[in-house]
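I have placed the structure first, in the form of structure tokens, so that the comments after it can refer back to it.
The values are calculated or read from the model by the stated rules, or taken from the named source; none is laboratory data. Nothing here was measured: the structure is a model prediction, and the numbers come from that model. Neighbour counts run over all protein chains shown; Cβ positions are idealised from the backbone, glycine included.
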Amino acid sequence: MIKSLINNFKELNYMPREKLERKLNLKPVSKYFGPKDIKASEDVVLLHEELEAIHLMDSFCMYQEDAAKKMNVSRATFARIIKSARKKISLALITGKNIKVHEVKNEFRIAICSNKQDELVYAEPDAEYIWIILIKDYKLASQSCIKNPMYKNENEATCNVLPDVLYDYKVNYFMLNDIDYDLKISLIAKGIYPMLKEKIELDSLVDIFQ
């Protein structure tokens, strides 16, 4: 009897708390910011909840406790969110990086060009393969690989082909180390946002969005 009570007590005390759903009321006017006088080498991803926290504290001058209640999170969680947001913004301003506002909450797809089918080898938009990676609840959920229609394709422009292909696969982000203006505009027109990264490792991909 006593042993049973102890086990029940342990279960009650070590049961993980259910994560509260954030209340995000701010609709981003723009999702992409960057310097005009230099070419940014990388993007910094600002989460929607981080933008909301900045808005509540710095636009409305709310106290952390009140802002936390507004977002339906604990004060400790809000403190972590606002600290992360300010760190990312300061990093972008000081080092000349782009800021990409990530509005999708829990699920998104990333496209990355690769020279290999069985291993992610970061490559240019005309590489042989395109990896499509699903991240759900900030965890790597699945990955697939498709043939790149731009591989050895000299008859069509990348900006006229890839955006449509990625759109059909419901891609949210296209990661690459460099991009020309026409491809960038064509991607954004389809709701696909380019993310500039000098190098990518599959194991640390999720960390980019945290």
For a quick check of your reading of the model, give me the residue pairs whose first member lies in segment 149-167 and is in the same structural domain as Ile132 (by TED's automatic domain parsing), whose second is aromatic (Phe, Trp, Tyr) and surrounded by 12 or more Cβ atoms within 10 Å (Cβ to Cβ), with beta-carbon atoms closer than 7 Å and at least 6 apart or on different chains.
Leu166/Phe174
Does segment 51-74 contain any residue that is touching an Asp or Glu at 6+ places or on another chain (Cβ under 6 Å), in a helix (DSSP H, G or I), at pLDDT below 90 and not assigned by TED's automatic domain parsing to the domain that holds Leu196?
no
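Any idea how many residues of segment 162-210 are polar (S, T, N, Q), out of contact with any Cys (no Cβ under 6 Å at 6 or more places or on another chain) and either crowded, with 19+ Cβ neighbours inside 10 Å or at pLDDT 85 or above (or both)?
Going residue by residue through segment 162-210, those that are polar (S, T, N, Q) are 172, 177, 186, 204, 210.
If we keep only those that are out of contact with any Cys (no Cβ under 6 Å at 6 or more places or on another chain) as well, we get 172, 177, 204, 210.
In the following step, the residues that additionally are either crowded, with 19+ Cβ neighbours inside 10 Å or at pLDDT 85 or above (or both) were identified as 172, 177.
Residues in segment 162-210 being polar (S, T, N, Q), out of contact with any Cys (no Cβ under 6 Å at 6 or more places or on another chain) and either crowded, with 19+ Cβ neighbours inside 10 Å or at pLDDT 85 or above (or both): 2 in total.
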Identify the single condition in (1) farther than 18 Å from Ala53 by Cβ; (2) buried (at least 18 other Cβ atoms within 10 Å of the Cβ); (3) aliphatic (A, V, I, L, M) that Ala85 does not satisfy, given that it satisfies every other one.
(1)
Scan segment 151-181 for residues that are in contact with an Asp or Glu (Cβ under 8 Å, 6 or more places away or on another chain) and within 15 Å of Ile192 (Cβ to Cβ) and jot them down.
Thr158, Cys159, Leu176
Sort out which residues of segment 121-137 are in a strand (DSSP E or B), farther than 21 Å from Ile185 by Cα and without any contact (Cβ under 8 Å) to a residue 40 or more places away in the chain, and write them in order of number.
Tyr129, Trp131, Leu134, Lys136
Filter segment 107-161 down to residues that are within 22 Å of the chain's Cα centre (by Cα) and among the basic types (Lys, Arg) and give me whichever is surrounded by the fewest Cβ atoms within 10 Å (Cβ to Cβ).
Lys139
Hey, Leu140 hits all of (1) farther than 22 Å from Val121 by Cβ; (2) assigned to a strand (DSSP E or B); (3) among the aliphatic types (A, V, I, L, M) but one; which does it fall short on?
(1)
